[in-house]
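The values are calculated or read from the model by the stated rules, or taken from the named source; none is laboratory data. These numbers were taken from a predicted model, which means no experiment stands behind them. FYI the Cβ positions are ideal-geometry reconstructions off the backbone, even for glycines, and counts take in every protein chain you see.
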Amino acid sequence: MAGNKSLPTVDEIINSLKRSSIPIILIEGNDDAFIYRWLKSHLGSTVVSLQPCGGRTNLFTIYDRKSEFSDKNVVFVADKDAYRFLPIPTDKSDVIFTTGYCIETDIYEGSNISHFLDDEDLENHRLLRNIIGKWFAFEVEKLLTSQSEAPALQVSDHINVVSPPGLNKICQMFSNTIEYAHPSEEYVNSVFSDYNLNIRGKQLFQMLSRFLSYKGRFSRFNDKNLIEIALKQGGNEYLERLVKDIKSGLNTT
């Protein structure tokens, strides 16, 4: 089987949508396809196709051209990202957004996966959350004071880059690179007021994995293991809301 098959272009996706006879869920990219395939399995018996768009920009470009396939049964699903801290634009009112920063955020907050932590790791986990949260608040402050017309948070770095294991503070090299400064209390409070929904989900799981994957531990879990376990625990109100909204958008039962 050939690997690394390239995703179709925006025009190719739109042309495919025009020819489609089944409901289609458009998502940002391949990274979250496993999660959305699981969600799709909870939509009922209706046949539904899942189409990654090659990124957020492509998804919104296709959304802006939806008049070209207005007769088709299509929904757009996206991570909330910076719209956790900014109003969702009125021209994206029909997009189904996650509740939290991203789909992994919703998975984390709607699960009890953090209960996997051993008692002796709770304090160090709390310290790490504090470091990551303040870095995140710094990036939120930078975004909201920049007057950017295309809001995007620069928060894709792995937690090991931000604060390597054992350091218990932000990495000086990383700090210098991003010109880090202590964020204003306003933005710290904004992020920490609903931490598990405001922080990027991949980092929530990376922080958990740091204390659940060390050598010698009885069971070891990487972040992907933890995402799958949390996803399949069931009873997640945020994922149930997404399924409900997708069903409603596609007019399926």
* **helices (runs of 4 or more DSSP H) (entirely within the range 61-177) containing at least 1 residues that are closer than 30 Å to residue 245 by Cβ, among the aliphatic types (A, V, I, L, M) and at pLDDT 95 or above** => 103-109, 122-144
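Listed residues 156, 146, 163; which is in the same structural domain as residue 190 (by TED's automatic domain parsing) and either at positive phi or surrounded by 12 or more Cβ atoms within 10 Å (Cβ to Cβ) (or both)?
Numbers: 156 fails: either at positive phi or surrounded by 12 or more Cβ atoms within 10 Å (Cβ to Cβ) (or both); 146 fails: either at positive phi or surrounded by 12 or more Cβ atoms within 10 Å (Cβ to Cβ) (or both).
Going through 156, 146, 163 in turn, just one is in the same structural domain as residue 190 (by TED's automatic domain parsing) and either at positive phi or surrounded by 12 or more Cβ atoms within 10 Å (Cβ to Cβ) (or both): 163.
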* To do: Taking the options 196, 189, name whichever one is surrounded by fewer than 20 Cβ atoms within 10 Å (Cβ to Cβ), without any contact (Cβ under 8 Å) to a residue 60 or more places away in the chain and assigned to a helix (DSSP H, G or I).
  => 189
* Within the range 231-253, is there a residue that is assigned to a helix (DSSP H, G or I) and more than 26 Å from residue 24 (Cβ to Cβ)? -> no
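Criterion first (over 27 Å from residue 139 (Cβ atoms), crowded, with 18+ Cβ neighbours inside 10 Å and in contact (Cβ under 8 Å) with a residue 60 or more places away in the chain) does residue 250 satisfy it?
Working: over 27 Å from residue 139 (Cβ atoms): yes; crowded, with 18+ Cβ neighbours inside 10 Å: yes; in contact (Cβ under 8 Å) with a residue 60 or more places away in the chain: yes.
When the stated conditions are applied, residue 250 passes them.
Would you check if residue 46 is buried (at least 18 other Cβ atoms within 10 Å of the Cβ), of a type in the set (Ser, Thr, Tyr) and in contact (Cβ under 8 Å) with a residue 40 or more places away in the chain? Before the answer, list the steps.
Details: buried (at least 18 other Cβ atoms within 10 Å of the Cβ): no; of a type in the set (Ser, Thr, Tyr): yes; in contact (Cβ under 8 Å) with a residue 40 or more places away in the chain: yes.
In short, no.
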* Lone unmet requirement of (1) buried (at least 19 other Cβ atoms within 10 Å of the Cβ); (2) in contact (Cβ under 8 Å) with a residue 40 or more places away in the chain for residue 125 -> (1)
* **Matching residues in the range 16-52 - criterion: being among the hydrophobic types (A, V, I, L, M, F, W, C), in contact with a Leu (Cβ under 8 Å, 6 or more places away or on another chain) and assigned to a loop (DSSP other than H, G, I, E, B)** => 43, 48
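Can you confirm whether residue 113 is surrounded by 17 or more Cβ atoms within 10 Å (Cβ to Cβ) and either outside the structural domain of residue 178 (by TED's automatic domain parsing) or in contact (Cβ under 8 Å) with a residue 24 or more places away in the chain (or both)?
On the way: surrounded by 17 or more Cβ atoms within 10 Å (Cβ to Cβ): yes; either outside the structural domain of residue 178 (by TED's automatic domain parsing) or in contact (Cβ under 8 Å) with a residue 24 or more places away in the chain (or both): yes.
Considered against the rule, which asks whether it is surrounded by 17 or more Cβ atoms within 10 Å (Cβ to Cβ) and either outside the structural domain of residue 178 (by TED's automatic domain parsing) or in contact (Cβ under 8 Å) with a residue 24 or more places away in the chain (or both), residue 113 comes out as yes.
Of the residues that make up the range 59-82, is at least one among the polar types (S, T, N, Q), within 17 Å of the chain's Cα centre (by Cα) and in the same structural domain as residue 242 (by TED's automatic domain parsing)? Walk me through it before giving the result.
At the first step, the residues of the range 59-82 found to be among the polar types (S, T, N, Q) are 61, 67, 70, 73.
Going one step further and asking which of them are within 17 Å of the chain's Cα centre (by Cα), we end up with none.
For the range 59-82, residues among the polar types (S, T, N, Q), within 17 Å of the chain's Cα centre (by Cα) and in the same structural domain as residue 242 (by TED's automatic domain parsing): absent.
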